[in-house]
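The values are calculated or read from the model by the stated rules, or taken from the named source; none is laboratory data. Computed from a prediction, not measured in an experiment: that's the story for all the values here. FYI the Cβ positions are ideal-geometry reconstructions off the backbone, even for glycines, and counts take in every protein chain you see. Areas reflect the complete protein model, heavy atoms only, side chains present, ligands, DNA and RNA absent. Shrake-Rupley method; radii C 1.70, N 1.55, O 1.52, S 1.80 Å.
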Amino acid sequence: MRVQLKDTVTLQTNLSLDQSYIVYEIESTASGNTYYRIENDAKQVVPYDSMFFDVVSDKLYGEWTILNKSNQSSARVPGELAYIPFWEEFYTDDPRALRAFRQVKAKFYLAELEVSEIKNILESNNEDEIDFVFNMLIHAKCGTFIYEVIQFAITRLVEQTYSEDELLIAAFEYLSLFKEEHIHTFFIDYLTNIELGNDKLTQIVSNYFAS
């Protein structure tokens with residue numbers, strides 16, 4: 001499910017009019033109000049009154065569960081997040097909650113985001129989102145973005161002067177999943193500059209050609 005700020009709404013803190021947001025919880029209060037818990041532009045996952053939003057996609061992917069809360073409110077949440085202390089654990093950086101949220105976020109990104117939106121992330125300067133998308137694509141073995149990842153890696157290699165870099169490692173790991181001619185060409189070109197390379201990247205490329 002995705003929502004977007006209404007054009008008539010006064011701009012909310014950390015929300016943009018031109019951005020649509022994935023909903024991770026729909027809460028209904030005893031007074032009849034509805035709140036959408038979304039990840040805002042500051043990467044904070046917090047509830048907002050639904051009156052500020054238009055629904056741009058109403059499909060709920062996967063299994064959603066209704067939880068009854070002690071304050072007489074109820075919440076509909078993805079099954080992976082369907083336990084009462086989840087958000088308390090999430091906000092205190094509990095590893096189990098963070099892992100569950102990332103799993104749900106990855107599933108929703110793959111289901112909801114357009115190809116152009118993922119391309120925009122890969123071409124952005126938001127390293128946290130790029131890292132998340134790389135890991136999502138690796139887990140899903142999604143080969144849609146090979147060209148964009150090669151371009152990212154080429155640029156990153158120059159910027160980082162072939163030094164060890166977690167985003168480069170993730171990019172190489174993603175590319176190594178697929179046997180395609182332009183990946184072969186890119187990896188061969190990398191090996192021709194092996195004196196500038198680093199051990200982790202070189203090992204990924206070596207394993208690619210050995211498999």
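Extending 7 Å from Cα along the Cβ direction at THR8 and again at ASP199 yields two label points whose distance is 6.3 nm. Here the gap between ASN135 and ILE154, fully extended at 0.36 nm per residue and compared with their Cα-Cα distance, gives a gain of 5.0 nm.
Rounded to the nearest 20, the Cβ-based charge dipole of the stretch 42-137 about its Cα centre (Lys and Arg +1, Asp and Glu -1) stands at 360 debye.
From the Cα gyration tensor of the chain, with a ≥ b ≥ c the square roots of its eigenvalues, which class applies: rounded if a/c is under 1.5, or else prolate if a/b is larger than b/c, or else oblate? Here the chain falls in the prolate category. Rolling a 1.4 Å probe over the protein heavy atoms of the chain, with every protein chain left in place, gives an accessible area that is 48 percent carbon and sulfur. Peptide packing for 181-193, 149-161 was compared via the average number of neighbouring C-beta atoms within 10 Å per residue; ordered from the highest value, the list is 149-161, 181-193.
Restricting attention to the chain, the count of lysine pairs at 8 or more positions apart or across chains with alpha carbons under 18 Å apart stands at 10.
I need the peptides 48-58, 14-24 ranked by packing, meaning the mean over residues of other C-beta atoms within 10 angstrom, with the highest value on top.
Working: 48-58: 14.5, 14-24: 16.3.
Listed from highest to lowest mean packing, they are 14-24, 48-58.
For the stretch 1-126, what class follows from the C-alpha gyration tensor (a ≥ b ≥ c being the square roots of its eigenvalues): rounded when a/c is under 1.5, otherwise prolate if a/b is larger than b/c, else oblate? The shape class here is oblate.
Between the stretch 1-50 and the stretch 90-144, the C-alpha centres lie 19 angstrom from each other.
Placing +1 on the Cβ of each Lys and Arg and -1 on the Cβ of each Asp and Glu in the chain, which of ALA82, GLN103, ILE169 has its Cα farthest towards the positive end of the resulting dipole? Selected residue: ALA82.
The residues of the chain expose on average 54 square angstrom of accessible surface per residue, using a 1.4 Å probe on protein heavy atoms.
The slack between SER16 and PHE209, meaning 0.36 nm per residue of separation minus the straight C-alpha distance, is 65.0 nm.
Near TYR83: Cβ cut-off under 13 Å, other residues only, Lys/Arg at +1 and Asp/Glu at -1. The net charge is -3.
Pairwise Cα separations in the stretch 131-211 fall into 5 Å bins from 0 onward with the following percentages, short to long: 3, 16, 31, 28, 17, 5, 0. Under the classification rounded if a/c is under 1.5, otherwise prolate if a/b is larger than b/c and oblate if not, where does the stretch 1-62 fall, given a ≥ b ≥ c as square roots of the Cα gyration tensor eigenvalues? Rounded, because the longest to shortest axis ratio a/c is under 1.5. Computed on the stretch 114-211, with alpha-carbon pairs under 8 angstrom and 6+ residues apart, the relative contact order is 26 percent.
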